Amino acid sequence: MKTVNGAIALLLVTAAMPSPAAAQAASEPVVAGRAEIQAQTQAMLAEMKPDQGFMWRPVLRDGKTVAAIEIWKKPGRPAVHPTEAEYAIVLEGSGTLISGGTLNDAKTSNPGLVEGSRIENGATRSLGPGDVILIPAGVPHWFGITGERLILLGVKLPGSK
C-alpha cells in the first residue's frame with residue numbers, strides 16, 4: 001500500500017478504542033499507525049474472495065463512530081446515509097464519485113442506509129490517492145472503480161439530519 005505523501009502515517013480518533021475487539025473507551029486519542037493500516041489492508045486483500053466486490057473492517061471505534069478500511073473492487077449500489085455524514089481519505093487506487101442529485105428507486109436497507117438503482121443529476125469527480133471526501137448526511141453518493149481497486153479510510157459521523 002502507498003502512503004499519501006506520508007500524510008496517512010497516523011489516524012487519530014479522540015476517545016477511540018484501540019482495536020475493534022477492545023471493549024473499553026480510552027481517555028486519550030488512540031493511534032492506528034501506518035504499519036497497522038497497511039497490515040490490516042493486506043490481510044483484508046488476502047481474505048477477499050475472487051468475486052467479492054467489497055470489504056469493510058473497523059480500525060478504531062468510539063461508540064457509533066467508526067474509522068474503517070473499505071476495499072472496493074466492484075462498484076456498490078448508489079446510497080444515502082440519512083443521519084450520518086461520510087468522511088473518507090483515498091489510500092490507494094482510483095475511482096469515481098457521483099454525489100448529489102436524486103437517488104432513484106430508493107429502498108431502506110437498514111435505518112442508516114437507503115440504496116437505489118442510480119443517481120440522476122449528480123456531480124461526477126475522479127478520485128485518487130490523497131483525495132479527501134466529505135459527504136453530508138442525506139446526500140446520495142456512489143463509488144465507481146476505475147482501476148483494480150479503490151481503498152478508502154472511511155468514517156461515518158453523526159449528521160445534522
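Residues in the range 126-142 that are in contact with a Ser or Thr (Cβ under 7 Å, 6 or more places away or on another chain) and of a type outside the set (S, T, N, Q) were compared, and the one that is surrounded by the fewest Cβ atoms within 10 Å (Cβ to Cβ) is G128.
Would you confirm, using the coordinates I've provided, whether W72 is within 13 Å of K156 (Cα to Cα) and either touching a Gly at 6+ places or on another chain (Cβ under 9 Å) or of a type in the set (A, V, I, L, M) (or both)?
It is false that W72 is within 13 Å of K156 (Cα to Cα) and either touching a Gly at 6+ places or on another chain (Cβ under 9 Å) or of a type in the set (A, V, I, L, M) (or both).
Residues in the range 84-111 that are within 19 Å of V66 (Cα to Cα) and surrounded by fewer than 15 Cβ atoms within 10 Å (Cβ to Cβ): N110, P111.
Sub-8 Å Cβ pairs linking a first residue in the range 64-78 that is in a strand (DSSP E or B) to a second residue that is of a type in the set (K, R) and at pLDDT below 95, at least 6 apart or interchain, are T65/K156; V66/K156; A67/R61, ordered by first then second residue. Restricting the first member to the range 137-161 and to residues that are of a type in the set (S, T, N, Q), and the second to residues that are modelled with pLDDT of 95 or more and crowded, with 20+ Cβ neighbours inside 10 Å, the beta-carbon pairs closer than 9 Å and six or more apart or on different chains are T146/G93; T146/G95; T146/L127.
Scanning the range 112-125 for residues that are exposed (fewer than 12 other Cβ atoms within 10 Å of the Cβ) and either assigned to a strand (DSSP E or B) or acidic (D, E) (or both) yields a single hit, A123.
Being among the polar types (S, T, N, Q) and surrounded by 15 or more Cβ atoms within 10 Å (Cβ to Cβ): is that true of T41 here? Yes: the conditions hold for T41.
The set of residues from the range 45-63 being in contact with a strand residue (DSSP E or B) (Cβ under 8 Å, 6 or more places away or on another chain) and either modelled with pLDDT under 95 or within 16 Å of A88 (Cβ to Cβ) (or both) comprises F54, M55, W56, R57, P58, V59, L60, R61, D62.
The values are calculated or read from the model by the stated rules, or taken from the named source; none is laboratory data. Being a predicted model, the structure only gives us computed values, none of them experimental. Glycine gets a Cβ as well: all are built from the backbone with ideal geometry, and neighbour counts include every protein chain shown.
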